[in-house]
Structures are given as structure tokens and as C-alpha cells.
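To keep things clear, I will list the structure first and then write my remarks on it.
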Amino acid sequence: MAHARVSPHAATYTSGRDISQTLESARSQVEERFLEGGTVLLSVMDVLNRLLNSLESVTKALDNKESSDTSADLHATVESLTALPVTEENRQQALVSLAHTGKELRKHVADMQETMRYLRTFAVTVKITGAGLAEFAGFAQEILERIYSGTDEVNRFAAHLDSLEKEVKLAASLGASVSRGYADTVPAVAAALRDDAAKIAGHRKDLGVIAREVGAIARGVQGKVASTLSALQIGDITRQRIEHVQATFSLLEDFLAGEDGARLDAGARQRLQNVIHHLTAAQMSEMCADFQRDSESVVKTIASFDHDTRDILKLRDQMSGENGEAGGNFMRALESSVSAAHEIVKQVDTASRQADQVSQSTIGTAAKLFEAIGNIRAVKTDIHYMALNTNLRCSRLGEEGKSINVVTAELRIFAGKLDDSADAIVNGLPTLEAAAGRVAPATDAGAGGLGESLTSAVGNIRLAANVMENELKVLAENGREVATKINLLIGKLDFQHDLGDVLARCADVLDGVAGAEVADISDLTETIAPLDRKIFKLYTMVQERNTHRDIIPASEGSTAPPAETPKAENDEDLFADALF
């Protein structure tokens, strides 16, 4: 049988080991590049997880119930602020009522002062009339001193009312100014606060929408990375197939150096080497085609990351605002509005303190007036009985006491008038106290409370804004890192650029060594059967076995093991294969 001539390229290779060294270089590059690519992919997966975690933190901050409660508190505070003009108007009406009640009491005090003047006049008359009667001299002086005492009580009463009227007038004047200012400032400030709160709520809502979009893209990239990791098994498969080719050469050398190989003459040895070269060239060629196809798919998937990255960065910039200060601008606007509101609250607080002082002073004055009325009634009683005793004593004196008797009768009549004025004042005091209560109602303790509510609400909003700002910074950093990692990944996993060329050169070398024709070794079938079986057992893929049988058909009775379907591997196994 004529045998095919071996390619002259074989002359450049003294043994299969020379070719194996070339293949080893390719194998080590495949292993290194895929290991590096897998490491980068895992780092991308890690930073994607951090991005998703920061998104979750942003979402939690956006959905924070306390922030919603704070907004509700701010709205409630704004409503209280809006009610201030009505509150101040009611206060003004109470002050008017208080001033009117004080004015009515003033009339009765004036009547009492007039009565005391008459009583002093009559007392002096008694003293003059009874000057010649020794028993009336001491009495006249005593009754005059009592009248002077009553006059002092009435004058003190009048002084209390004067002080009260001045406080009421001052509070009314201040309140009127504040009330006029409210009409101009409160509606605008309240509207600004509502508007700022609505803008912040709207901003947070928009952030929530964008966060969900970023999350959807990031999870999509996460899925792509996972599928790319799975696809990296092409690297492990390529590495194994190169090792199978290397092992084939080693088995050939061992065979030729053994007893079976020693029985072959030089021609048979060259023909066997030629077939093995064709076998390894065919395996390498198919491996290059598979690598080209599968690595193209990997590169295409990774190329799509670039678009996803741009979308993430774009959405990240939207969340941070054009200058990264959108939320900050809202906060500054809110704090400006709150500052204006605080100025109003200060005015409210000043007016409230003044009104409270008037109210307390009025209640204190009422108590003093009650006491003074009691003293005045006591003076009136003393004058009445002293005059009555004088009348009785005058009756025993006959004509001598008649003139004194007339004057003391007048004293009793005018002293009785004090009771009328005192009764009118006593009846008016509850009205005075009621008006004082309306000037500073219990609920108005709210001026200071309103300021505290504003401060608390804005403090909580600022705290929520700071939390959001920090979370957005973390999100921005993670988004930037995702972009960096993916750009690095695209460069690292462009397998075709270098590896494809290296593998193709190896395939060309093997193809060149093999030559154009496959040598006929049908006469060596039984002799090389042990080598055939050993090479066949190397394979882990059906495709390799089929290629092998296309080059070296199985002899009759061959004990070569049947092709086994490779065991299904899970993703973790595939990842491990891809990386090691």
C-alpha cells in the first residue's frame, strides 16, 4: 500500500515536545486571561451588590415613616401659624373688653373719691361745730382720721386701676401693630412653607422613581455579569482541549519510546506521527472555531455594559442634581422660610408675654380691689356707727347738740353711698377677671411652642436631608466604581484581540506540520490500539471523540470506551472551572 508523503514542515520539529511548548504558551495565556477576566467580573459583581445595597439604603431613607411624620408636623405647625391672625384679633377684642370694664370701674371709683371729699368736709364741720364741747373734740378728730384712712384706701384703689389701664393700653398698642403685620406677612410665609415642604416631598418622590430605575438597570447588569461568568467556561474548555492536545503528543512520545513503538520501522513511525499531527490540528482547529464563536458572544454581552453604565451614571447625576445640590437648595429655601416664620413667632411671643402680663396683673389687681373694697366698707361701717353714737349723745345735750346732730346725720347718709359704689365695683370685678382670661387664654401658651415646633420640624427635615445626601454620595461613588470596573472589564475580556490570534497561530502551526494529506495507518491499527485508547480516554467532550474517530477509526474489537455524556455541572462548578 502506498503511503502519503509526510509534510516537509515536520523537519522543523524534532519531537512533539517542541509543539507542546508552543501550545503551553497558548494554554498559559488562556488560563491567565480568563482568570483575570473572572476576577474582574467578580469585582464588578461585588460593586454591583454595593450599588444595590446603597440603593436600598436610599429607598429606606425615602420611605422613612419619621420623615413623613416630620412633614405632617411641619404642615400642622404651618396651620397653627396661619391661625395667628385670628388669635391676635381675638386678643385685641379681649383687650378692648378689658379696657371697657376698667373704664366702667373707674366711674365708680370717681364716685367713691367724691363721696370721701364730702365726708372729709362734714368731718371738719363736726370738729368746728363741736369745738366748744369737750366731749366731742376727741370724737371729731377720731372720725376725721378714719375718713382720711378711707380716702387713702380709695386712692390706692384708683392707683391700681391706673396701672392696669396703662398696661392694657400698651398691650393693645403692641397687639394692634402685630395684628397689622400679620395681615402682610403670615399668609406669604405660610404659603412659602407649604410650597417648600411640597417641593421637598416631590423631590423625594422623584428620587424614589430614579432609584427604582437605577436598581432595575443594576440588576440587569448583575444578570449579565452572572451569565458572562457562566459563559467563561469557554476558557476552561479551551484550556482543557489544549491540555488534551499536549497530552496527545506526550502519549505519542511515550508510545514511540516503548516496546510497541520499537516494533515500528522509520516509515511507520513517520506515518503515525503524521496522523497524530492531523488529529491534533483538527482538534485545535475545531477548538479555535468554538472559541471564536463563544468568545464573540461574551464580548458582545460585555459591550452592552457600556450603555448600561452610561444610563446608571446619568440617573445617578439626576439623583444628585445638576450640581449635586438639588436637595440642599430645597433645604436652604425651607430654612429661609422658617427664619421668616421665626420672626413672626418672636412677635407672637412678645405680644403673648405682654398679654400674659396684663392678664396676670389684672387678676392680681382684682384681688387687691376686693381687699380694698373690704377696707372701704369697714371705714364706711366705722363712720356710720361713730355718727350714730354722736346722734345719740347729741340728743341728750338738747339744743347744744342739735347742730352737731345735723352734720353727723349727713355723715351717715354719705357713708351709705360708699356701699352703692362698692357694690357696683364688686359686681364688675368678675367681668374684669373674665376679660383678663380672654386676653391670654390657656391655649395661647403656644407662642413659644410654635417656635419649638418649627425648630423641631426643620431639624428633623434637615437630619433626613443629611441622611439622604450621605446615601446619595455613597450611591454616586458606587455608581462611579461600577463604571470604572465595567470599563476595565471590557478591556480585560476582549479575548479575541490577543488570545484568538495566539490560538489561531497554534492551529496554523499544527496544520502546517500535518501537511495536506493524512497518512494511511490502517496496517498499524492493532499495534497502535493501546495508544488510541489512551488518547481517546483523555477527552471530556463528545465533539473531541467524534473528531478523533474521524481521523483514527476504531478497529474491530477495539476496547476503547464509549463516549460518555459529560456530567451536568452547576453554575458554581462552571465558575470554578472558568477561574482555575
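The values are calculated or read from the model by the stated rules, or taken from the named source; none is laboratory data. Because the structure is predicted, anything quoted here is derived from the model rather than measured. Here Cβ is always computed from backbone atoms with ideal geometry, including for glycine, and neighbour counts include all displayed protein chains.
For region 231-261, give me the residue count where each residue is modelled with pLDDT under 90 and of a type in the set (Lys, Arg).
Qualifying residue count for the region: 1.
Go through region 535-550 and count every residue that is buried (at least 18 other Cβ atoms within 10 Å of the Cβ) and more than 16 Å from Ile237 (Cα to Cα).
Total satisfying the criteria: 3.
Please go through region 237-253 and give me each residue that is of a type in the set (Asp, Glu) and closer than 15 Å to Leu538 by Cα, ordered by number.
Glu243
Hey, any hits in region 163-177 for a residue that's farther than 30 Å from Ser337 by Cα, among the polar types (S, T, N, Q), at pLDDT 75 or above and out of contact with any Leu (no Cβ under 9 Å at 6 or more places or on another chain)?
yes
Picking from Leu524, Leu510, Leu489, Leu503, which residue would you name as being at pLDDT below 80, assigned to a helix (DSSP H, G or I) and aliphatic (A, V, I, L, M)?
Leu489
Determine which member of the set Ala378, Ala434 is over 21 Å from Thr129 (Cα atoms), over 60 Å from the mean Cα position of the chain (by Cα), in a helix (DSSP H, G or I) and free of Cβ contacts under 8 Å to residues at least 12 places away in the same chain.
Details: Ala434 fails: over 60 Å from the mean Cα position of the chain (by Cα).
After applying the criteria, what remains is Ala378.
Can Gln292 be described as part of a helix (DSSP H, G or I) and closer than 15 Å to Glu544 by Cα?
Taking the combined requirement at face value, the residue does not satisfy it.
Being in contact with a Phe, Trp or Tyr (Cβ under 7 Å, 6 or more places away or on another chain) and not aliphatic (A, V, I, L, M), is that true of even one residue in region 285-294?
Looking for residues that are in contact with a Phe, Trp or Tyr (Cβ under 7 Å, 6 or more places away or on another chain) and not aliphatic (A, V, I, L, M), one finds none in region 285-294, hence no.
With the condition kept exactly as written, say whether any residue in region 383-401 is under 30 Å from Pro187 (Cβ atoms), of a type in the set (A, V, I, L, M, F, W, C) and modelled with pLDDT under 75.
Looking through region 383-401, none of the residues is under 30 Å from Pro187 (Cβ atoms), of a type in the set (A, V, I, L, M, F, W, C) and modelled with pLDDT under 75.
Select, from Ile147, Ile234, the only residue that is touching a Phe, Trp or Tyr at 6+ places or on another chain (Cβ under 9 Å) and assigned by TED's automatic domain parsing to the domain that holds Gly437.
After ruling out the rest, the residue left standing is Ile147.
Given the conditions (1) modelled with pLDDT under 80; (2) in contact with a Lys or Arg (Cβ under 7 Å, 6 or more places away or on another chain), and given that Thr125 satisfies all but one, which numbered condition is not satisfied?
Single failed check for Thr125: (2).
Can you tell me which of (1) part of a helix (DSSP H, G or I); (2) in contact with a helix residue (DSSP H, G or I) (Cβ under 8 Å, 6 or more places away or on another chain); (3) at pLDDT 85 or above is the one Leu264 doesn't meet?
Failing condition for Leu264: (1).
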